[in-house]
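Just below is one structure, and these are the notes that go with it.
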Amino acid sequence: MEFISILEPEGQDEELAAARRHMPDFFLDLNIDQIFKMIQDQAPGYDISQLYYRFPESKEEEIYRREIYRDIKKPEVFDCLDAFGQRMRRMAKALANRPQVESSLQKSAWHASAAYEYCKAVEDLRRGLAGLDLQSRGLKLLRDYLNQYIKQPDYGKLKDEAFHLQSEIEKFHLIIQIENNKVTVTQGTLPGEYDRFLGSEEMAHPSPFASTLKMSPLEETVFSAFRKKYPKVLDEIEKFIKNYPDFGEARIFRLEKELQYYLAFYRFRNRMEDWGILLTEPETDESREMEAEDLYDLALACANFTQNKPVVPNDFVYHENERFFVVNGPNQGGKTTFARSLGQLVYFTKMGFDVPAKRANVHYFTDLLTHFSVEESMETGQGKLMEELSRLAPMMKKETNSAFVIINELFTTAAHYDGCVMGARVLDHFIGAGCRGIYVTHLKELGDSIEKVTSMTAMLDGSEDHRRTFKILRNKAEDVGYAEDIVKKYDLTYEKLSERLKAFSENTADSRK
Amino acid sequence: MNVHLLYTSREWKGVNEYFDSKSIVNDLGLENLFRAASRDQEREEGNIQTITDADEHLGNALRRVMTVPLRTPEEIYYRQDIMQDCFAHGQFIKELYAGARDVMTRWEKLGKKEMNKPGVREKSIHLVAEVKVLRLFVDSLSDLKKLCQSYQDRFQSRGLKQFCQEVVESFSDQWEEKLRTVLEDITFFSAGEEEYTLGGGDGKVRQAKIVLDCRVGSGVKLDDLRLDVVESVSKKYKRVKEKKTVMERFATTFAAEPTVILKDPILLEDLSQLEGQVVKFIMNVYRPFMNDCGDFFEELYMQAAFYRACFNLYVRSQNTKLEMCFPKVCDGDCLRFTDLMEYSMAIFRSSVPVGNTSGIDHKRLLIVTGANQGGKSTFLRSIGIAQVMLQCGMFVCAARFESGIFPDFFTHFTRREDSAMNSGRLDEELKRIDQIVRHLGESSMVLLNESFATTTEEEGSVIAYDVVRALVEAGVKVLTVTHLLSFAKKVYAQKRPEVAFLSAERKENGVRTFKMIPGEPELTSFGLDLYDRMIPGS
């Protein structure tokens, strides 16, 4: 098998590759858009959205990616690939500078420096990968491919010339003397005596004419005076672009972009780890039950982190024959959050990445479908129901065999009985199509009658003011009065005040310890 | 470089005020002190003269320092010691402060505010100003060093000894010499700009002489510069250097090398840009030093102002013949004083008020009752003022004063105009009590002056009893002046050991002495006496 891409072992037909994809609907429903934003932040200068908007084509491809990501999580592999990315960005920058300068000397200089960065990137990557213990098919293929690539004669010639010129330029030093509007220039080096006096040997001097890429009139004057007497190096620079007008291999350029898919996620993962938010690699053993321990909503965890609040994790297991969870419970009790975390679990597993849980075993799904009620919608009654159904219909028509389905508060405006009937039909349909999923609802009866459906409830802590625990447990939905939390007003009666001050004096006692 | 005149091991920036310092200032009438501290007062031929215009910075500095409590006896004595040195060497603190103020004024003129705005540094006009600021700092530090050297051995306080040592050591002669050399090397850049001219200012046009080594960077631009020579030379005069410059050593080599004489204005423009970059780089090298100096002078301006302000108050108090002492710190249960006076009023009136003497040991609650216009509020204020002054390391207006440290210090004064019965007012009052309760800490003192007077005496007494009881039980020290006699009587009847009672003295003939004496709260505040006096013969 030949190396083509680190995302798609088989490549991709060109039409599909060129099509610009929209953000999938479930991104917003599951708050993956928020998570993605943070991942994208880890790949400045690249647009990785297209890579994240599309699931792998097949189970094969999913595994191909998971293997690669597992390799990339080794720091030495990450560093090697990351360094390649940096070099390639320097190359891109040099190429971008080329059209901004006018003189052919400068144009050629930028071109030569881009060629140097390109060759250096390839060489370093090849040497780096050769010394690494790689497990993934994808990176092994890449390693073999690079070993072939550098043997191509065109590439060899380019590399020799670019490296040679680079070392000439690095060795090339000028001495400039300025006095009384008289500028003298020659080749050579000086010890930097005044810098030593200032103690600034370690500080970089800004280039004096850095505000423009073009040579300043003074630079031009100095260089041309110098070149008249010492033409060698500057002439060599100017010739490079004529000798090597084009360079580079499409597969290498593609590799650079696709690498960001993994590198950004791994950086994001480390950042999460710094925040105390742990992501782990999911198992994908179909012979065992699908389950997770300490699963949490990653988007919520990030939002809470900035406010210093923890998230409540949940465990779940789909026993054999269980296809759907139907979740009941109080408002603001963590139902939707739980549903989102399940969706995130499936999404990141499918992409080959780590998941927001302590431990998880996830089955293969062909797709991820979500239907969240649009709360901001002003529509009610018929209108809202219409709107809901119009979004539901394509989901149910789609080739939904073995998809993961998340439904959140469907049919809230329909009559209670109608809602139950329609809900049951929807469940029947998806179960019939071999789907698995979660259905969040206010309708307590919904979970009752259908086979392969398990009821769960968002739990309260049993106290008088019905504090939410945000725990979702297997439980038959019950009728509980969810009275509003009592609004406590402070009072200055002796009892209240003593109570307040007692808490305060205990606090200070604690702080003294 | 550290100032550390207010704290043993930190600067002023970032300290925490009293929770409600605004009320403290208002209730205790501290504005009088701030105002008085802004002016110099000296005796001239027997007459007291206010000899300077008000320096508002002094009053502000005093306000800021007074509204931030110290937390340990060590911190308090540290300031007291420094202050004693300052009072003993008035000339020093005057010069120290004047020097700091001078730096700030000149620095402001050179565009201090602009200094850290983004983009400003790019402008060459600003670079010229920056060079001047460096010069200003060097000159000012040099003056400061001389001042410190001449006083250093005379000080007793750890704070001032350390300060002088720090200045002398951090700004060593060697360091000063080096900075002056650099400043002279770059005079070509700011030549013709008066204000500071080093080396006598010969008025000659200086030109730059620069030798540098560089690489041809990406895209054929000058890059990776290294400086070998930077000098300012005048056409007629050449600085004599002991060692040969690099150029002189290479002179023969260079003689035949490519040379351009710049005449085109565009090229000359480029040249001056290059020179500017060199100066900018040099200024960057000294930026940490300049930032450090900037912080140092800002802190010094603030910290010296506090002692300078106190010195003004001290002179004024001496002129009024007020007795002053440095208070002692004792534990929180004790409060002892001899001839304690209401300092703010004394300064305002330039007269010596009635002093009170009391020893209130092992008490958590003090209840002051008694005659109207008998000096109760004044008495409470005098304690409050002394407490605040103690907690910022100042002297107090008394022959002796000892108290604990209460960083969580609150005043709750009902002012006369507030005392109209009105449920809205009571709401507000209780809201403020609630605020206080929320911010109590482990060492809290609350001064209640005529609190809960915005309702009937019956209701007020119940609220006062509940609130005060809860506070005292939680370990808060409460000093209260009250008209609410049912409240006072009820507490008195319990004969609890942690409660002290004082009342404003009233002689048999109704004359008020403005002295507080131990005594049982009585059922009338003798308002009738006052009524009779104000409306005689009715």
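The values are calculated or read from the model by the stated rules, or taken from the named source; none is laboratory data. No experiment lies behind these values; they were computed from the predicted model shown. Because the Cβ atoms are built from the backbone with ideal geometry, glycine has one as well, and the counts that use them run over all protein chains shown.
Summary table below
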read-out: Filter result (closer than 24 Å to B:Val182 by Cβ, more than 7 Å from every other protein chain (Cβ to nearest Cβ) and either more than 48 Å from the chain's Cα centre (by Cα) or among the β-branched types (Val, Ile, Thr) (or both)) within region A:170-199; value: A:Phe197
read-out: Selected residue (criterion: nearest to B:Asp228 (Cα to Cα)) from residues of region A:200-217 that are more than 7 Å from every other protein chain (Cβ to nearest Cβ) and not basic (Lys, Arg); value: A:Glu201
read-out: Leading residue by the ranking (nearest to A:Asp195 (Cα to Cα)) among those in region B:275-288 that are without any contact (Cβ under 8 Å) to a residue 12 or more places away in the chain and either facing chain A (nearest Cβ under 8 Å) or in contact with a helix residue (DSSP H, G or I) (Cβ under 8 Å, 6 or more places away or on another chain) (or both); value: B:Val285
read-out: Residue list for region B:435-460, restricted to those being assigned to a helix (DSSP H, G or I) and modelled with pLDDT of 85 or more; value: B:Gln435, B:Ile436, B:Val437, B:Arg438
read-out: Residues of region A:218-236 satisfying the condition of being farther than 15 Å from A:Thr186 by Cβ, more than 7 Å from every other protein chain (Cβ to nearest Cβ) and buried (at least 16 other Cβ atoms within 10 Å of the Cβ); value: A:Glu220, A:Glu236
read-out: Which numbered condition B:Val329 fails, given (1) in the same structural domain as B:Gly111 (by TED's automatic domain parsing); (2) in contact with a helix residue (DSSP H, G or I) (Cβ under 9 Å, 6 or more places away or on another chain); value: (1)
read-out: Residues satisfying the stated conditions in region A:79-99, i.e. at the interface with chain B (Cβ under 9 Å from one of its Cβ atoms) and among the aliphatic types (A, V, I, L, M); value: A:Ala94
read-out: Hits in region A:24-77 (condition: buried (at least 18 other Cβ atoms within 10 Å of the Cβ) and either among the aliphatic types (A, V, I, L, M) or in the same structural domain as A:Leu298 (by TED's automatic domain parsing) (or both)); value: A:Leu30, A:Ile32, A:Ile35, A:Ile39, A:Ala43, A:Ile48, A:Leu51, A:Ile68, A:Ile72, A:Val77
read-out: Sole exception among (1) within 14 Å of chain B (Cβ to nearest Cβ); (2) in a helix (DSSP H, G or I) for A:Glu102, by number; value: (2)
read-out: Single condition A:Thr189 does not satisfy, out of (1) farther than 22 Å from B:Ala208 by Cα; (2) touching an Asp or Glu at 6+ places or on another chain (Cβ under 8 Å); value: (1)
read-out: Qualifying residue in region B:402-418 (condition: closer than 16 Å to B:Ile347 by Cα and not in a strand (DSSP E or B)); value: no
read-out: Residues satisfying the stated conditions in region B:345-380, i.e. assigned to a helix (DSSP H, G or I), in contact with a strand residue (DSSP E or B) (Cβ under 8 Å, 6 or more places away or on another chain) and either at pLDDT 90 or above or crowded, with 24+ Cβ neighbours inside 10 Å (or both); value: B:Lys376, B:Thr378, B:Phe379, B:Leu380
read-out: Region B:467-479 - residue that is touching an Asp or Glu at 6+ places or on another chain (Cβ under 9 Å) and of a type outside the set (A, V, I, L, M) and, of those, nearest to the other protein chains (Cβ to nearest Cβ); value: B:Gly475
read-out: Every residue from region A:299-322 that is surrounded by fewer than 14 Cβ atoms within 10 Å (Cβ to Cβ) and in contact (Cβ under 8 Å) with a residue 12 or more places away in the chain; value: A:His319, A:Glu320, A:Asn321
read-out: Within region A:105-139, tally of residues that are closer than 19 Å to A:Ser5 by Cα and part of a loop (DSSP other than H, G, I, E, B); value: 3
read-out: Candidates B:Val138, B:Val103, B:Val131 - the one that is modelled with pLDDT under 95 and either among the aromatic types (Phe, Trp, Tyr) or assigned to a helix (DSSP H, G or I) (or both); value: B:Val131
read-out: Any hit, region B:106-116, residues being modelled with pLDDT under 95, more than 17 Å from the chain's Cα centre (by Cα), more than 20 Å from B:Asn16 (Cα to Cα) and of a type in the set (A, V, I, L, M); value: yes
read-out: Matching residues, region B:438-461, being closer than 17 Å to B:Thr414 by Cβ and within 11 Å of chain A (Cβ to nearest Cβ); value: B:Phe452
read-out: Some residue of region A:251-261 being within 14 Å of chain B (Cβ to nearest Cβ) and either of a type in the set (Ser, Thr, Tyr) or in contact with a helix residue (DSSP H, G or I) (Cβ under 7 Å, 6 or more places away or on another chain) (or both); value: no
read-out: Where a residue in region B:29-41 is part of a strand (DSSP E or B) and its partner, wherever it lies, is modelled with pLDDT under 95 and basic (Lys, Arg), with Cβ under 9 Å and at least six apart; value: B:Gln41/B:Arg316
read-out: Filtered residues of region A:192-233 (kept if in contact (Cβ under 8 Å) with a residue 40 or more places away in the chain and in contact with an Asp or Glu (Cβ under 7 Å, 6 or more places away or on another chain)); value: A:Lys214, A:Val233
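Okay, residues lined up against (1) crowded, with 20+ Cβ neighbours inside 10 Å; (2) under 30 Å from B:Gln84 (Cβ atoms); (3) assigned by TED's automatic domain parsing to the domain that holds B:Ile125:
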{"residue": "B:Val260", "(1), (2), (3)": "no, no, no"}
{"residue": "B:Ile266", "(1), (2), (3)": "no, no, no"}
{"residue": "B:Glu269", "(1), (2), (3)": "no, no, no"}
{"residue": "B:Gly276", "(1), (2), (3)": "no, no, no"}
{"residue": "B:Val279", "(1), (2), (3)": "yes, no, no"}
{"residue": "B:Phe297", "(1), (2), (3)": "yes, yes, yes"}
{"residue": "B:Tyr301", "(1), (2), (3)": "yes, yes, yes"}
{"residue": "B:Ala304", "(1), (2), (3)": "yes, yes, yes"}
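This table checks each residue for (1) more than 15 Å from the chain's Cα centre (by Cα); (2) aromatic (Phe, Trp, Tyr).
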position	(1), (2)
B:Tyr7	no, yes
B:Arg10	no, no
B:Lys13	no, no
B:Glu17	no, no
B:Ser23	yes, no
B:Asn32	yes, no
